[in-house]
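S.K.: Pasting a structure below so you can have a look.
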Amino acid sequence: MADGNQPTVTIYIVNHNYGRFLEQAIESVLGQTFRDFELLIIDDGSTDDSRAVIDRYVGRPGVMAIHQHNQGLNVTNNIALRASAGRYLMRLDADDWLDSHALGVLVGTLDRHPEIGLVFPDYYLADETGAVQSVVRRHDFTQVTLLDQPAHGACTMIRRECLEAIDGYDEQFRCQDGYDLWVRFISRFGVRNVNLPLFYYRQHGSSLTRNEERILATRSQIVEKRLGEATLSAVAILPVRGMATDPHSTALRQLGGKPLIDWTIEAALAAKRVVDVVVTTPDEKVLDHVGRRFGERVMGIRRSRDLARPNSFLEETVADALKRYVENRSNPTALALLYVESPFRGAQHIDAAIDMMELFSTDRVIGVRPETDSFYRHTGSGLEPLRRSAALRLESDELYRAAGDMEVVRTAFFNSTGKLEGGRVGHVVLDKRAALSLIGGFEWEIAEALLREQPLTNPRARALP
């Protein structure tokens with residue numbers, strides 16, 4: 001423990017009604033093999049027995065406590081920054097706990113590498129009882145070139161001067177502190193991962209990480225704020241075959257009181273980063289509907305039937321639409337390809353994809369869903385799992401499914417390659433509702449049921465946290 005001089009590291013535990021887990025978190029800090037630290041326990045307005053647990057430790061050397069009304073995570077992080085004395089800081093959530101060597105390993109990494117500003121470890125996933133379910137191993141960050149996979153918000157050790165240089169935590173946001181910090185941090189300071197599992201991340205019913213829609217919406221707002229006056233904008237292109245060439249086309253089928261195509265057009269028109277909307281189709285009924293419903297707000301292009309055949313290349317359709325668009329308008333910096341089969345992919349998701357392209361300087365961005373199910377491949381002699389072990393989760397083995405019928409591509413990349421594949425590819429994760437694609441009757445039933453349960457009329461409604 002620190003002896004009164006400036007400690008090397010401050011560990012602060014943030015607690016809100018996790019009294020049943022708090023003792024284990026505190027004891028995991030006090031049991032560290034590295035001893036030059038101070039421990040700051042911040043109770044953020046708990047109403048359970050947390051105070052009684054904390055009071056058992058107050059008065060021990062190097063242990064301090066702060067009791068406050070509920071302030072939220074980012075405000076509390078800044079309180080810890082101001083109240084702490086360590087050269088390095090690390091947050092431990094009250095429902096998680098540390099390996100006994102965590103501080104020694106992370107402090108040693110920062111001491112040996114002055115060029116990096118933060119370091120984070122791999123970790124164990126545990127259930128509510130504390131039983132370990134798997135080990136999560138991150139990429140080798142000495143080889144990573146696209147830093148769009150952030151460190152975990154907790155158990156990441158940060159140099160104080162780096163955290164102060166970016167003005168601490170943004171109190172506008174009540175969650176996703178680690179994501180916001182990462183977005184601001186990587187443009188100024190180096191980061192590194194230690195490929196050792198050094199903390200235990202407990203997953204349970206009340207974990208904030210379960211609230212997916214709130215998390216994803218907050219991430220989009222963080223990126224939008226960090227970009228400020230963004231320079232990248234897109235033309236939305238909607239390729240629609242229509243009944244004229246595809247008897248199974250559902251573009252004009254009613255969903256929630258309006259044709260399916262209207263959901264995507266309205267979302268594109270509401271997107272802040274979309275400057276124009278183009279519908280390219282050989283179907284006169286689709287063109288007539290778009291003209292009557294949206295007028296000059298949407299540019300309709302009568303596409304050749306040859307370009308709409310099932311065996312035609314999408315690149316030819318995009319090139320044709322882009323050529324005809326720029327005949328009377330300026331060349332866009334990006335193209336957002338949107339398909340009408342995903343009605344709940346909203347304006348905020350389109351903007352998020354464009355923002356991710358600008359933030360991480362990618363050539364393409366696609367909408368995705370992480371796949372956590374078990375997948376197998378047939379080797380000729382039987383099935384083998386794609387993932388090497390259920391107990392070992394390698395970030396390099398993670399699978400993503402294209403979702404939301406959405407892809408954004410830089411115009412310069414498309415013009416130079418003529419391709420909608422390859423290049424430096426980023427991603428934006430969509431929530432389950434936004435990812436729903438109406439490819440058959442079952443999916444239509446789900447969409448109609450969702451609308452009965454929660455009508456959605458504002459294309460930006462689901463951006464709210």
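S.K.: Taking Tyr201, is it modelled with pLDDT of 90 or more, buried (at least 17 other Cβ atoms within 10 Å of the Cβ), out of contact with any Pro (no Cβ under 9 Å at 6 or more places or on another chain) and not β-branched (Val, Ile, Thr)?
M.R.: Working: modelled with pLDDT of 90 or more: yes; buried (at least 17 other Cβ atoms within 10 Å of the Cβ): yes; out of contact with any Pro (no Cβ under 9 Å at 6 or more places or on another chain): yes; not β-branched (Val, Ile, Thr): yes.
Against the criterion (modelled with pLDDT of 90 or more, buried (at least 17 other Cβ atoms within 10 Å of the Cβ), out of contact with any Pro (no Cβ under 9 Å at 6 or more places or on another chain) and not β-branched (Val, Ile, Thr)), Tyr201 qualifies.
S.K.: Filter region 245-274 for residues that are charged (D, E, K, R) and assigned to a loop (DSSP other than H, G, I, E, B) and give the result. Walk me through it before giving the result.
M.R.: At the first step, the residues of region 245-274 found to be charged (D, E, K, R) are 246, 253, 258, 262, 266, 272-273.
Across region 245-274, the qualifying residues are Asp246, Arg253, Lys272, Arg273.
S.K.: Does Val279 meet the test of being over 20 Å from Leu451 (Cβ atoms), within 30 Å of the chain's Cα centre (by Cα) and either in a loop (DSSP other than H, G, I, E, B) or not hydroxyl-bearing (Ser, Thr, Tyr) (or both)? Give the steps one after another, and end with the answer.
M.R.: Details: over 20 Å from Leu451 (Cβ atoms): yes; within 30 Å of the chain's Cα centre (by Cα): yes; either in a loop (DSSP other than H, G, I, E, B) or not hydroxyl-bearing (Ser, Thr, Tyr) (or both): yes.
In short, yes.
S.K.: Can you tell me how many residues within region 172-202 are in contact with a Gly (Cβ under 6 Å, 6 or more places away or on another chain) and farther than 20 Å from Glu395 by Cβ?
M.R.: So the answer is 3.
S.K.: In region 116-134, what count of residues is obtained for those that are within 21 Å of the chain's Cα centre (by Cα) and either modelled with pLDDT under 95 or closer than 16 Å to Glu398 by Cβ (or both)? Walk me through it before giving the result.
M.R.: At the first step, the residues of region 116-134 found to be within 21 Å of the chain's Cα centre (by Cα) are 118-125.
From what is left, the residues that are either modelled with pLDDT under 95 or closer than 16 Å to Glu398 by Cβ (or both) are 122-123, 125.
Adding up the residues that qualify gives 3.
S.K.: Scan region 293-340 for residues that are more than 23 Å from Ala267 (Cα to Cα) and assigned to a loop (DSSP other than H, G, I, E, B) and report the count.
M.R.: Matching residues across region 293-340 total 8.
S.K.: Let me ask something else. Could you tell me whether Ala154 is touching a Leu at 6+ places or on another chain (Cβ under 9 Å), small (Gly, Ala, Ser), crowded, with 16+ Cβ neighbours inside 10 Å and modelled with pLDDT of 95 or more? Steps first, answer last, please.
M.R.: Numbers: touching a Leu at 6+ places or on another chain (Cβ under 9 Å): yes; small (Gly, Ala, Ser): yes; crowded, with 16+ Cβ neighbours inside 10 Å: yes; modelled with pLDDT of 95 or more: no.
Considered against the rule, which asks whether it is touching a Leu at 6+ places or on another chain (Cβ under 9 Å), small (Gly, Ala, Ser), crowded, with 16+ Cβ neighbours inside 10 Å and modelled with pLDDT of 95 or more, Ala154 comes out as no.
S.K.: Hey, another quick one. Determine whether region 150-160 contains at least one residue that is touching a strand residue (DSSP E or B) at 6+ places or on another chain (Cβ under 9 Å) and polar (S, T, N, Q).
M.R.: Within region 150-160, one or more residues are touching a strand residue (DSSP E or B) at 6+ places or on another chain (Cβ under 9 Å) and polar (S, T, N, Q).
S.K.: Just checking, which of Arg219, Arg202 is in contact (Cβ under 8 Å) with a residue 40 or more places away in the chain, closer than 20 Å to Thr362 by Cβ and within 21 Å of the chain's Cα centre (by Cα)? Spell out the reasoning first.
M.R.: Details: Arg202 fails: closer than 20 Å to Thr362 by Cβ.
One residue alone meets the criteria, Arg219.
S.K.: May I pose another question? From the set of residues in region 323-340 that are in contact with a strand residue (DSSP E or B) (Cβ under 8 Å, 6 or more places away or on another chain) and of a type in the set (Ser, Thr, Tyr), which is surrounded by the most Cβ atoms within 10 Å (Cβ to Cβ)?
M.R.: Applying the first criterion (in contact with a strand residue (DSSP E or B) (Cβ under 8 Å, 6 or more places away or on another chain)) to region 323-340 yields 324-325, 329, 332-340.
Those still in the list that are of a type in the set (Ser, Thr, Tyr) too: 325, 333, 339.
Details: Tyr325: 20, Thr333: 18, Tyr339: 17.
It comes out as Tyr325.
S.K.: Still on this model: Cβ contacts < 7 Å: first residue under 17 Å from Ile354 (Cα atoms), restricted to region 254-277; second residue among the aromatic types (Phe, Trp, Tyr) and part of a helix (DSSP H, G or I), any location; separation 6+ or different chain. Result?
M.R.: Filtered contacts from region 254-277: Ile265/Phe294.
The values are calculated or read from the model by the stated rules, or taken from the named source; none is laboratory data. Because the structure is predicted, anything quoted here is derived from the model rather than measured. In this analysis, Cβ positions are derived from the backbone assuming ideal geometry, glycine residues included, and neighbour counts consider all displayed protein chains.
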